[in-house]
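> Let me begin by handing over the structure; questions about it come next.
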Amino acid sequence: MVEVDAELERADRERQARDRAQRTRLRWIALTASSYAIDVLFLALYAGAGTVPAYVALAYAGVGTTLCLAYALTVMTGWNLNLRDPSLAAPSTLGGVLAQLLVVALAPQITFPYVVNLFTVFAFGMLWLGLRQAAAVWALAMAGSGAVLYLNEGRLGVAATSDYELMLTWLFLSSILSRTLVLAIYSNGLRARLAESRRKLAAALDQIRQLVDYDDLTKAFNRRSLVARLGDEMSRAQRTHVPFSVAMLDLDSFKAVNDRYGHAAGDEVLKAFAAVAQAAMRKSDVFGRYGGEEFMLILTASGTAGSASALERVCAGVAAHDWAEVAPGLKLTVSAGVAEYREGEAVEQLINRADAALYEAKRAGRNRVEAAA
């Protein structure tokens, strides 16, 4: 049942993400339609001034409307989700390029502003196009523009024969720059949101690592991490023949702490012990909670004698610690068993030898360190 609920939750998250993406695509189609509308407006003004025939504006409006409706229907029906490019960036960019070249072909006397308008088209497309798609669209645009310009050689120009035409051309160029600026601002915002998403993702991954690798109570390594580190240390020892040791530590009479002072006090004891033990160990050593009140310490590049000395410091630190901060009159000690790695033995064998030495330390009176045979 839990697995089914998790699967349903995952499917719901995917559906919500897909719906958000589709709404974003529809907003971009609306922005594209607005850009086409601005171009049509200027064509209509040019037509009113007698610069171009009226059918140029009508043809451009028809192309723009057809393209935007086709994109909108594709997204609204969800058919775009079956495509490799669900954003339709490549066809929409290529359609915009062809629309500008259509104006140049039909009205070469206003070539200049509509060639410049290609920058707006590419600014829209480059936000979503991949490298290969961008290269393909660029190649087609260069080929198409070259053909149109060549066929209209000698007739290409800019409408500036009157003050009115000059003003229209200036206003049209201003609108192109304004649209490019808006897209640049949006692109910067998109990058900022992407950077924030990456930061949050990194924080989430770090939190996941904390949950996976560390004990939630003591913040020391958990059993899973300890066993993995132990395997790594064994591999290193087999390569370099440098010794290392493993120690198992257990708080003496910890059950009595829970029985007398409660589990909350027991938790505080475990956290305090982890802090005391980590303060006494070397930075190269690995410490963690193996289970309950039992902890493991992996002493790198250290044989039995050196490891036993280090563990004596831990025992002394625990005995000297002011446990009254947890509960008045509380005194605690720790016992430890240490085993030096023998080449060829398995993880379980090494841990079992350290555990046996710990049992011997308990049997011998507690608050002491015993080395495995």
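The values are calculated or read from the model by the stated rules, or taken from the named source; none is laboratory data. Worth saying up front: this structure is predicted, and the values here are computed from it rather than measured. We place every Cβ from the backbone using ideal geometry, glycine too, and count neighbours over all the protein chains shown. Heads up: the accessible areas ignore ligands, DNA and RNA and are worked out on the full protein's heavy atoms, side chains in. Shrake-Rupley method; radii C 1.70, N 1.55, O 1.52, S 1.80 Å.
> Report the label-to-label distance for residue 256 and residue 184 in nanometres (one decimal), using points 7 Å from each Cα along the Cα→Cβ vector.
7.7
> Oh, and also: How tilted is helix 2-48 with respect to the longest principal axis of the chain? Cα atoms for both, answer in degrees (0 to 90, nearest 10).
For helix 2-48, the angle is close to 30 degrees.
> Taking only protein heavy atoms into account and a 1.4 Å probe, give the accessible area per residue of the chain in Å². Numbers along the way, then the final one.
Working: 20470 Å² over 373 residues.
Spelled out: the 1.4 Å probe surface of the chain, per residue, equals 55 Å².
> Determine, from the Cβ-Cβ distance of residue 199 and residue 79 and an R0 of 35 Å, the FRET efficiency 1/(1 + (r/R0)^6), rounded to the nearest 0.05. Working shown, then result.
Numbers: r = 35 Å, r/R0 = 1.01.
With a Förster radius of 35 Å, E is 0.50.
> Tally up the carbon and sulfur contribution to the accessible surface of segment 228-314 as a whole percent, 1.4 Å probe, everything protein left in place. Show your work: numbers first, answer last.
Numbers: 1970 of 3850 Å².
The computed percentage sits at 51.
> Once Lys and Arg get +1 and Asp and Glu get -1 on their Cβ, which of 117, 246, 80 lies farthest toward the positive end of the dipole of the chain?
Projecting each Cα onto the dipole axis, the largest value belongs to 117.
> Using only Cα atoms, tell me the angle between helix 304-320 and the longest principal axis of the chain; keep it within 0 to 90° and round to the nearest 10.
90
> Round to a whole number: what % of the accessible area of segment 90-159 belongs to carbon and sulfur, probe 1.4 Å? Present the calculation step by step, with values, prior to reporting the outcome.
Working: 2520 of 3370 Å².
C and S atoms contribute 75 percent here.
> Read phi for every residue in segment 253-269 and hand back ³J(HN,Hα) as whole Hz from Karplus 6.51 cos²θ - 1.76 cosθ + 1.60, θ = phi - 60°, with x for Gly and Pro.
6, 5, 4, 5, 5, 4, 5, 8, 10, x, 5, 5, 5, x, 4, 5, 4
> Tally Lys/Arg at +1 and Asp/Glu at -1 over every other residue whose Cβ is under 14 Å from the Cβ of residue 328; what's the total?
Here the charged neighbours net out to -1.
> May I pose another question? Any chance you could give the angle, 0 to 90 degrees and rounded to 10, that helix 131-151 forms with the longest Cα principal axis of the chain?
So the inclination is approximately 10 degrees.
> Can I ask one more? With the crude spin-label approximation of a point 7 Å out along Cα→Cβ, what separation in nm comes out for residue 135 versus residue 20?
Taking the two extended label points, one gets 3.2 nm.
> Tally Lys/Arg at +1 and Asp/Glu at -1 over every other residue whose Cβ is under 13 Å from the Cβ of residue 25; what's the total? The partial results should precede the final answer.
Working: positive: 18, 20, 23, 27; negative: 19, 85.
The answer is +2.
> Which length gain, in nm to one decimal place, applies between residue 163 and residue 55 when the Cα-Cα distance is subtracted from 0.36 nm times their residue separation? Intermediate values should be presented prior to the final figure.
Numbers: separation 108, 0.36 × 108 = 38.88 nm, distance 2.35 nm.
36.5 nm is the gain from fully extending residue 163 to residue 55.
> Relative contact order (percent) for segment 275-373, with alpha-carbon contacts under 8 angstrom and 6 or more residues of separation? Intermediate results must be reported in sequence, preceding the final value.
Details: 136 pairs, mean separation 23.5, N = 99.
Relative contact order of segment 275-373: 24 percent.
> Once both labels are modelled 7 Å past Cα along the beta-carbon direction, what's the residue 173-residue 312 spacing in nm?
8.8
> Using each residue's phi in segment 347-355, evaluate 6.51 cos²θ - 1.76 cosθ + 1.60 at θ = phi - 60° and report the 3J(HN,Hα) Karplus result to the nearest Hz, with x for Gly and Pro.
Per residue, the Karplus-derived 3J(HN,Hα) values read 4, 4, 5, 5, 5, 5, 5, 5, 5 Hz.
> Could you go through segment 102-107 in sequence order and give the Karplus-derived ³J(HN,Hα) for each residue, using 6.51 cos²θ - 1.76 cosθ + 1.60 with θ = phi - 60°, rounded to whole Hz, and x for Gly and Pro?
These are the phi-based 3J(HN,Hα) values: 4, 4, 4, 5, 7, 9 Hz.
> Taking the Cα centre of the chain as the origin, how large is its charge dipole in debye, to the nearest 20, when only Lys and Arg (+1) and Asp and Glu (-1) carry charge on their Cβ atoms?
Working: 38 positive and 37 negative charges, 126 e Å.
Using only the charged Cβ atoms, the result is roughly 600 debye.
> Here are a few candidate values for Cα extents along the principal axes in Å: (1) 108, 47, 42; (2) 67, 61, 52; (3) 81, 42, 39. Which one was actually calculated from the structure I just gave you?
(1)
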